[in-house]
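Just so it is clear, none of the values below were taken in a lab; they were calculated from the coordinates. Quick caveat, the model's predicted, so the values are computed rather than measured. In this analysis, Cβ positions are derived from the backbone assuming ideal geometry, glycine residues included, and neighbour counts consider all displayed protein chains.
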Amino acid sequence: MEPKGAMIDIGAKTAAFMPLQEVSINRVEGLSDVLAPGEVREFFIMSEENEDGQLALSIRRIEYQRAWERVRQLQKEDATIYSEVFATNRGGALVRVEGLRGFIPGSHISTRKAKEELVADFLPLKFLEVDEERNRLVLSHRRALVERKMNRLEVGEVVIGTVRGIKPYGAFIDIGGVSGLLHISEISHEHIETPHTVLNVNDQMKVMIIDLDAERGRISLSTKALEPEPGDMLSDPQKVFDKAEEMAARYKQMLLEQAEDHESMGVTVD
């Protein structure tokens, strides 16, 4: 064991050398964190013999290959992992997964905390991109939260939410820590020029879930389906909220009848 690396007996005339920076994929204080004199283990040969007949070895390369294999498998399984944020930048947050550096884009961070306050927090994450050739490991906090929330939600359910943002195409509604989209076409049966004419940021309201897309991490919402009469969201939104559960029950019954109709159409009578 030397300050700059370790001499490894590989049964050749000259001992091979492993530089300190090749001892692990993870940050270590010194060789003794990973190796012990007399230990026998696998090494990756990094280069041919130098002029002294010495090979350069690495443990980090083996760990690196196995780490990518592991994250590819986790992505294939659509697994949710937990990882600690070790830094943030303008674009998002940085984590380590199996020793590899991963990136969470700002648009995929779903928390009310300031981004800088996430350092040292452990976040549930889903894989967005696993590309060893480009050394890109991209993850989503939002997808993990939406999936967890989706497991407790169902289409046709009425939930209470808060308007967090309004765009020309609709409003983003916070429903218990995850965001759903109330598209402008789903606000009312009546035509609406802009969501701002009906909604304000921080409005609390009842909405109905009309679609759950776990793969894309999206929740689609509607108040249009809750209108007792077309246009009630414009003229009397309180009436819509008061009768929300009743209208949702009708909506669920309609979905059930449609499913039964489709099933009966697929039945062949001899």
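Overview of values
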{"read-out": "Extension gain (nm, one decimal) between Glu39 and Asp242, 0.36 nm per residue minus Cα-Cα", "value": "65.9 nm"}
{"read-out": "Alpha-carbon centroids, segment 129-192 and segment 47-108: separation in whole Å", "value": "29"}
{"read-out": "Ranking of Met247, Met233 by count of other Cβ atoms within 10 Å, fewest first", "value": "Met247, Met233"}
{"read-out": "Label point distance in nm, Asp203-Asp78, each placed 7 Å from Cα along Cα→Cβ", "value": "3.4"}
{"read-out": "Of Lys206/Lys239; Lys224/Lys252; Lys167/Lys252; Lys167/Lys243, pairs whose Cα-Cα distance is over 19 Å", "value": "Lys167/Lys252; Lys167/Lys243"}
{"read-out": "Which of His196, His141, His189 has the fewest Cβ neighbours within 10 Å, and the rest in rising order", "value": "His196, His189, His141"}
{"read-out": "Shape call, segment 93-156: gyration tensor on alpha carbons, a/c limit 1.5", "value": "oblate"}
{"read-out": "Percent of beta bridges antiparallel (DSSP, segment 1-153, rounded to nearest 5)", "value": "95"}
{"read-out": "Mean ellipticity per residue at 222 nm, deg cm²/dmol - from DSSP H runs of n ≥ 4 across the chain, formula -39500 (n - 2.57)", "value": "-7000 deg cm²/dmol"}
{"read-out": "Antiparallel bridges, percent of DSSP beta bridges restricted to segment 5-58 (to nearest 5)", "value": "90"}
{"read-out": "Shape of segment 153-259, Cα gyration tensor, a/c cut at 1.5", "value": "oblate"}
{"read-out": "DSSP-assigned coil residues among trypsin sites (Lys or Arg not before Pro) in segment 98-144, each with at most 16 further Cβ atoms within 10 Å", "value": "Arg112, Lys113, Arg134"}
{"read-out": "Positive minus negative residues near Met208 (Lys, Arg vs Asp, Glu; Cβ under 13 Å)", "value": "-2"}
{"read-out": "Relative contact order %, segment 5-58, counting alpha carbon pairs below 8 Å whose residues are six or more apart", "value": "36"}
{"read-out": "Relative contact order (%) - the chain, alpha-carbon pairs under 8 angstrom, separation at least six", "value": "10"}
{"read-out": "Net lengthening on full extension, Lys167/Leu20 (0.36 nm per residue, minus Cα-Cα)", "value": "47.7 nm"}
{"read-out": "Mean separation of Cα contacts under 8 Å, 6 or more apart, over the residue count of segment 158-240: relative contact order %", "value": "30"}
{"read-out": "Charge tally in the Cβ shell below 10 Å around Arg142, where Lys, Arg are +1 and Asp, Glu are -1, Arg142 excluded", "value": "+2"}
{"read-out": "Packing-based exposure ordering (other Cβ within 10 Å, fewest first) of Glu133, Glu69", "value": "Glu133, Glu69"}
{"read-out": "Spacing of the two label points (7 Å from each Cα toward its C-beta) at Ile160 and His196, in nm", "value": "2.9"}
{"read-out": "Reach of Lys13 by Cα under 14 Å, taken over aspartates and glutamates that are not fewer than 8 positions away in the same chain", "value": "Glu49, Glu51, Asp52"}
{"read-out": "Surrounding net charge for Ser179, when Lys and Arg each add one and Asp and Glu each subtract one, Cβ distance under 11 Å", "value": "+3"}
{"read-out": "Antiparallel bridges, percent of DSSP beta bridges restricted to the chain (to nearest 5)", "value": "90"}
